[in-house]
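Okay, structure first, notes after.
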Amino acid sequence: MSQKTALITGVTGQDGAYLAEFLLDKGYAVHGIKRRTSLFNTARIDHLIEGEPGREGRFVLHHGDMTDSSSLTHILQKVKPDEVYNLAAQSHVAVSFEEPEYTANSDAMGALRLLEAIRFLGLGEKTRFYQASTSELYGLVQEVPQRETTPFHPRSPYAVAKLYAYWITVNYREAYGLYACNGTLFNHESPLRGETFVTRKITRALARIKLGTQSELRLGNMDAKRDWGHARDYVKMMWLMLQQDKPEDYVIATGEQYSVREFVARAAEVLGMSITFEGEGVDEVGRDESGRVIVRVDPQYFRPAEVETLLGDASKARQELGWTPETSFDELVREMVESDLEEAKRNG
Ligand code: NDP
Ligand code: GDR
């Protein structure tokens, strides 16, 4: 079989890094789009750029931006990929309340720009398209657990932008017969997770508190519940969705749910610390064994509209794609904590 070519937008992000690694291991030529930044933004993929043995020449980066059609079109025309994975996004829900227009431009219009370029370049027969959709679409949940048929109720500019991207993907499939699908992925984390998402913020802070280089962890809504999986497991699903006979949309989730507070407690346990929570709402604090406050609620992290609870049902993916998550919640937390402890030690 001839070598396949994939194009990944958002290759410098958490999922982009895991997916690039996964596709290179499968023998693909992998092209990634990165945007121009004033400092290097390739820390997660530097080992791929340097060309590990057996992978030389199979990983190529292009400058481009989701808000710039011309760059996207030129790259598509040049690469003519078999598969496009659209992972690029302003992906922070809280930030989307501060930058709603930019979020819509990159997350909603960006998906349209790619689909439209695939169509008018005449790549529709060849190129398969994956859209990084999200459990945030369910927002104010209408059904528990959430599955492919659960109605959407987005609760942030991010989720509203992703709703457009979801439907434009469906529309190009129905209108033009493109092989285009949505992976509606629930939260997935890893040691490569951005430092401002709650899981990584917790594991990083607790590791530093353990070493005495940070005194306190400040969090927003500790009652929020999420269905947290491992990014390494979830990128396999992105690929599997593009290998089917016909394109369909799938929910990917673990089917287990924990609160932010439970995540904190579990991460502390891995570090041999025990945290006791007391008080309510903005007055809630978490104390260590000596009674010292190490976790505090800070209203600056509350969101104008919150998604309180998410729990996914991935039965369709399990039955049709034969998928099950390989990493348990405990293993995920442990891997993240151990990685952040190492990093905290390195940084003194
Ligand atoms: P990250 O925030 O880690 O990565 C986002 C990527 O998009 C980065 O490479 C970023 O570049 C790039 N990017 C952002 N804006 C632009 C732009 N205007 N032009 C080009 N590139 C841009 O996200 P994740 O890896 O966690 O998520 C991947 C995708 O999956 C996102 O679309 C996200 O919304 C979605 N998703 C994520 C879930 C999760 O739990 N992780 C769950 C469901 C969906 P840079 O590195 O320069 O910032
Ligand atoms: P989310 O992830 O909004 O689900 O979006 P995040 O980790 O930011 O928040 C999860 C929950 O934790 C609460 N929370 C805090 N969140 C952050 N970031 N910082 C805090 O200090 C804090 N305290 C409490 C939040 O209010 C929320 O309820 C992620 C992103 O990856 C999206 O791109 C993706 O689409 C969804 O997951 C699925």
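Could you please report the charge total around residue 188, scoring K, R as +1 and D, E as -1 over all other residues with beta-carbon less than 14 angstrom from its beta-carbon?
-4
For residue 11, which sequence-distant residues (separation of 5 or more, or a different chain) have an amide H within less than 5 Å of its own amide H, given hydrogens modelled in the peptide plane?
Residues meeting the criterion, in which the H sits 1.01 Å from N, are 33.
Over the chain, what is the mean sequence separation of C-alpha contacts under 8 Å (at least six apart), divided by residue count, expressed as relative contact order in percent?
16 percent
Quote to one decimal, in nm, the extra length available between residue 302 and residue 245 on full extension: 0.36 nm per residue of separation minus the C-alpha distance between them.
Gain on stretching residue 302 to residue 245: 16.2 nm.
In deg cm²/dmol and to the nearest 500, what is the mean residue ellipticity at 222 nm of the chain if only DSSP H runs of at least 4 residues count, each as -39500 (n - 2.57), divided by the residue total?
It comes out at -11000 deg cm²/dmol, rounded to the nearest 500.
Angle check, please: helix 198-211 long axis (alpha carbons) against the longest principal axis of the chain (alpha carbons), in degrees 0 to 90, nearest 10.
Rounded to the nearest ten degrees, it is 40.
Over 24 Å between Cα atoms, which of 26/345; 80/246; 34/78; 126/316; 4/236 qualify?
26/345; 126/316
Would the range 1-81 count as rounded, prolate or oblate if I go by the C-alpha gyration tensor, calling it rounded below 1.5 in a/c and otherwise prolate when a/b exceeds b/c, oblate otherwise?
Oblate.
From the backbone phi of the range 73-89, what are the Karplus-calculated ³J(HN,Hα) couplings (6.51 cos²θ - 1.76 cosθ + 1.60, θ = phi - 60°) in whole Hz, Gly and Pro given as x?
5, 4, 5, 4, 5, 6, 7, 6, x, 6, 9, 10, 10, 8, 9, 5, 5
Evaluate the charge dipole of the range 209-263 about its Cα centre and quote only its size in Debye, nearest 20, assuming +1 on the Cβ of each Lys and Arg and -1 on the Cβ of each Asp and Glu.
280 debye
Antiparallel DSSP bridges in the range 213-348: what percent, to the nearest 5?
The answer is about 65 percent antiparallel.
Out of residues 5 or more away from residue 61 or on other chains, whose amide H comes under 5 Å of its own, with H placed 1.01 Å from N in the peptide plane?
Placed amide hydrogens put 32 under 5 Å from residue 61.
Around residue 225, which amide H atoms from residues at least 5 apart in sequence, or from another chain, sit under 5 Å from its own amide H, with H modelled in the peptide plane?
Long-range HN contacts for residue 225: 309, 310.
How big is the charge dipole of the chain about its Cα centre, in debye rounded to the nearest 20, if each Lys and Arg gets +1 on its Cβ and each Asp and Glu gets -1 on its Cβ?
Roughly 940 debye, rounded to the nearest 20.
Using alpha carbons only, how many degrees (0 to 90, rounded to 10) separate the axis of helix 14-25 from the longest principal axis of the chain?
50 degrees
Among 254, 184, 240, which residue has its Cα furthest toward the positive end of the charge dipole of the chain, with +1 on Lys/Arg Cβ and -1 on Asp/Glu Cβ?
240
Set Lys and Arg Cβ to +1 and Asp and Glu Cβ to -1, take the dipole of the chain about its Cα centre, and tell me which of 168, 347, 300 lies farthest positive.
168
Read the figures in this text as sums done on the coordinates, not as results from a lab. Not measured: the values here are computed from a predicted model. Heads up, the Cβs are rebuilt from the backbone with ideal geometry, glycines too, and the neighbour counts pull from every protein chain shown.
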